[in-house]
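First the structure, in the form of structure tokens, and then the observations on it.
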Ligand code: NCD
Ligand code: ZN
């Protein structure tokens, strides 16, 4: 029988961009009003290189979260050569830290300080393996000679496979996976490897972005792939497989930076994210696995307890706004202007 409501453990978002300054004030409520935790990406204009900077940034975020909210921002450092053993020990021992994020140089927004030679980070990977600190990876090569649509595959085959061989116990999350190849790689890897999946990679394929007029608000990194890739991602998310969990990669950019001669990559999916996802699981007769994907698998992988609150979701029609913000600061959310058939409410 069709269910009209479900109650799940409060979900977490294991990959999000909250930015800095006034844009943060605009977007953070879409996350703290639903999620218990979110892993906050460090690719700010001035990247978060050191634990002290992460703590300052976390304090800034906490200043924007109402006291009534239990939301906890979890920090990750931008992988860089100055990370020390002491930094890794701090990350390892604090619940407020979730790991270290690997950006290949030049691959995406604010990645100019990223990695060129991954082998030069083996000293850090070794320490991370020893202290059980997770490496979150943006899994794409930025090599000009590699076709945009093959960049994830080439990264997995050339770089990630080597890191896994050298550091077999290192905990790794391959972030925002986009391809069947990535799904198979993670499925076949050992239990210390897992992957996050975004809502937009579950709902859209590259034709949606390119074939019926250019849709800049679906342009993101790693880029949307083919239909068969979207199906592979959908199948594994809907199955509740324990190695795959939600990391929205919600990445707000102002409308002028998206609709421009050189548009920024990033989809703002945080608005009604959980409602969009429950509708997706419902439409695919997989509501029974929804809680695994959004609330349990990630917490289990990161070895943290489930959130204490519950989220009540019920069938009720709502419209996603055409934009958020105002004329000066406008962001177009994913599925802007469309209707969805679910709403949510946190309960104790
Ligand atoms: C992200 C951003 O804008 O910060 N953009 C994106 O397309 N996903 C960076 C990232 O995660 O690649
Ligand atoms: Zn991201």
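The values are calculated or read from the model by the stated rules, or taken from the named source; none is laboratory data. The shown structure was predicted, so the numbers you read here are calculated from the model rather than taken from an experiment. We place every Cβ from the backbone using ideal geometry, glycine too, and count neighbours over all the protein chains shown.
Could you tell me whether any residue of the range 80-95 is in contact with a helix residue (DSSP H, G or I) (Cβ under 9 Å, 6 or more places away or on another chain), in contact (Cβ under 8 Å) with a residue 40 or more places away in the chain and within 16 Å of ligand 2 (Cβ to nearest atom)?
no
Consider residue 20 carefully, then state whether it is at pLDDT 95 or above and over 19 Å from the mean Cα position of the chain (by Cα). Walk me through it before giving the result.
Working: at pLDDT 95 or above: yes; over 19 Å from the mean Cα position of the chain (by Cα): no.
Criteria not met by residue 20.
Would you mind stating whether residue 101 is surrounded by fewer than 15 Cβ atoms within 10 Å (Cβ to Cβ), touching a residue at least 12 places away in the same chain (Cβ under 8 Å) and within 16 Å of ligand 1 (Cβ to nearest atom)? Steps first, please.
On the way: surrounded by fewer than 15 Cβ atoms within 10 Å (Cβ to Cβ): no; touching a residue at least 12 places away in the same chain (Cβ under 8 Å): yes; within 16 Å of ligand 1 (Cβ to nearest atom): yes.
It is false that residue 101 is surrounded by fewer than 15 Cβ atoms within 10 Å (Cβ to Cβ), touching a residue at least 12 places away in the same chain (Cβ under 8 Å) and within 16 Å of ligand 1 (Cβ to nearest atom).
Name, by its number, the condition in (1) surrounded by fewer than 21 Cβ atoms within 10 Å (Cβ to Cβ); (2) part of a loop (DSSP other than H, G, I, E, B) that does not hold for residue 234.
(2)
If the requirement is being crowded, with 16+ Cβ neighbours inside 10 Å and assigned to a loop (DSSP other than H, G, I, E, B), which of these qualifies: 299, 265? Spell out how you get there, then give the answer.
Numbers: 299 fails: assigned to a loop (DSSP other than H, G, I, E, B).
Among 299, 265, only 265 is crowded, with 16+ Cβ neighbours inside 10 Å and assigned to a loop (DSSP other than H, G, I, E, B).
If residue 287 satisfies every condition in (1) closer than 30 Å to residue 259 by Cα; (2) crowded, with 17+ Cβ neighbours inside 10 Å; (3) touching a helix residue (DSSP H, G or I) at 6+ places or on another chain (Cβ under 7 Å) but one, which is the exception?
(1)
Select from the range 108-122 the residues that are assigned to a loop (DSSP other than H, G, I, E, B), over 18 Å from residue 251 (Cβ atoms) and in contact with a strand residue (DSSP E or B) (Cβ under 9 Å, 6 or more places away or on another chain) and list them in ascending order.
116
So which residues in the range 72-93 are in a loop (DSSP other than H, G, I, E, B), buried (at least 21 other Cβ atoms within 10 Å of the Cβ) and away from ligand 1 (no atom under 16 Å from the Cβ)?
Of all residues in the range 72-93, those in a loop (DSSP other than H, G, I, E, B) come to 79-84.
Next, only the ones that are buried (at least 21 other Cβ atoms within 10 Å of the Cβ) stay: 79, 83.
Across the range 72-93, the qualifying residue is only 83.
Could you tell me whether any residue of the range 98-107 is farther than 19 Å from residue 15 by Cβ, out of contact with any helix residue (DSSP H, G or I) (no Cβ under 7 Å at 6 or more places or on another chain) and either in a loop (DSSP other than H, G, I, E, B) or within 16 Å of ligand 2 (Cβ to nearest atom) (or both)?
Looking only at the range 98-107, we keep the residues that are farther than 19 Å from residue 15 by Cβ, and these are 105-106.
Keeping just the survivors that are out of contact with any helix residue (DSSP H, G or I) (no Cβ under 7 Å at 6 or more places or on another chain) gives 105-106.
The next check asks that each one be either in a loop (DSSP other than H, G, I, E, B) or within 16 Å of ligand 2 (Cβ to nearest atom) (or both); those that pass are 105-106.
Taking every residue of the range 98-107 in turn, at least one turns out to be farther than 19 Å from residue 15 by Cβ, out of contact with any helix residue (DSSP H, G or I) (no Cβ under 7 Å at 6 or more places or on another chain) and either in a loop (DSSP other than H, G, I, E, B) or within 16 Å of ligand 2 (Cβ to nearest atom) (or both).
Determine whether residue 236 is within 30 Å of residue 126 (Cβ to Cβ) and either touching a helix residue (DSSP H, G or I) at 6+ places or on another chain (Cβ under 8 Å) or within 16 Å of ligand 2 (Cβ to nearest atom) (or both). Walk me through how you get there before you give the answer.
Details: within 30 Å of residue 126 (Cβ to Cβ): no; either touching a helix residue (DSSP H, G or I) at 6+ places or on another chain (Cβ under 8 Å) or within 16 Å of ligand 2 (Cβ to nearest atom) (or both): yes.
When the stated conditions are applied, residue 236 does not pass them.
Kindly indicate the residue of the range 217-229 that is outside any loop (DSSP other than H, G, I, E, B) and within 14 Å of ligand 1 (Cβ to nearest atom) and also surrounded by the fewest Cβ atoms within 10 Å (Cβ to Cβ) among those meeting that condition. Please lay out each step first, then the result.
First, pick out the residues of the range 217-229 that are outside any loop (DSSP other than H, G, I, E, B): 217-218, 227-229.
Filter once more, keeping what is within 14 Å of ligand 1 (Cβ to nearest atom): 217-218.
Values: 217: 21, 218: 19.
Of everything passing the filter in the range 217-229, 218 is surrounded by the fewest Cβ atoms within 10 Å (Cβ to Cβ).
Would you check if residue 192 is within 16 Å of ligand 1 (Cβ to nearest atom) and surrounded by 14 or more Cβ atoms within 10 Å (Cβ to Cβ)?
Details: within 16 Å of ligand 1 (Cβ to nearest atom): no; surrounded by 14 or more Cβ atoms within 10 Å (Cβ to Cβ): yes.
No, not satisfied.
May I ask you to list the residues in the range 42-59 that are surrounded by 14 or more Cβ atoms within 10 Å (Cβ to Cβ) and assigned to a helix (DSSP H, G or I)? Lay out the reasoning, then the answer.
Residues of the range 42-59 that are surrounded by 14 or more Cβ atoms within 10 Å (Cβ to Cβ), as a first pass: 42-44, 47-51, 53-55, 57-58.
Within the range 42-59, 51, 53, 54, 55, 57, 58 qualify.
Hey, among 129, 152, 140, which residue is part of a helix (DSSP H, G or I), within 16 Å of ligand 1 (Cβ to nearest atom) and either over 18 Å from the mean Cα position of the chain (by Cα) or under 24 Å from residue 199 (Cβ atoms) (or both)? I'd like the intermediate steps shown before the answer.
Values: 129 fails: within 16 Å of ligand 1 (Cβ to nearest atom); 140 fails: part of a helix (DSSP H, G or I).
Answer to the check: 152.
Take the range 230-259 and flag every residue that is more than 14 Å from the chain's Cα centre (by Cα), touching a residue at least 24 places away in the same chain (Cβ under 8 Å) and within 11 Å of ligand 1 (Cβ to nearest atom).
The answer is 253, 258.
Among the helices (runs of 4 or more DSSP H) contained in the range 166-212, which hold 2 or more residues that are within 16 Å of ligand 2 (Cβ to nearest atom) and on the phi < 0 side of the Ramachandran plot?
Values: elements: 180-188, 199-203, 206-210.
The helices (runs of 4 or more DSSP H) meeting that bar are 199-203.
Just give me the residues in the range 268-296 being in a loop (DSSP other than H, G, I, E, B), away from ligand 2 (no atom under 16 Å from the Cβ) and touching a residue at least 60 places away in the same chain (Cβ under 8 Å), in sequence order. Outline the logic, then answer.
Taking the range 268-296 and keeping what is in a loop (DSSP other than H, G, I, E, B), we get 269-272, 284-286.
Next cut, away from ligand 2 (no atom under 16 Å from the Cβ) only: 271-272, 284-286.
Passing the criteria: 271, 272.
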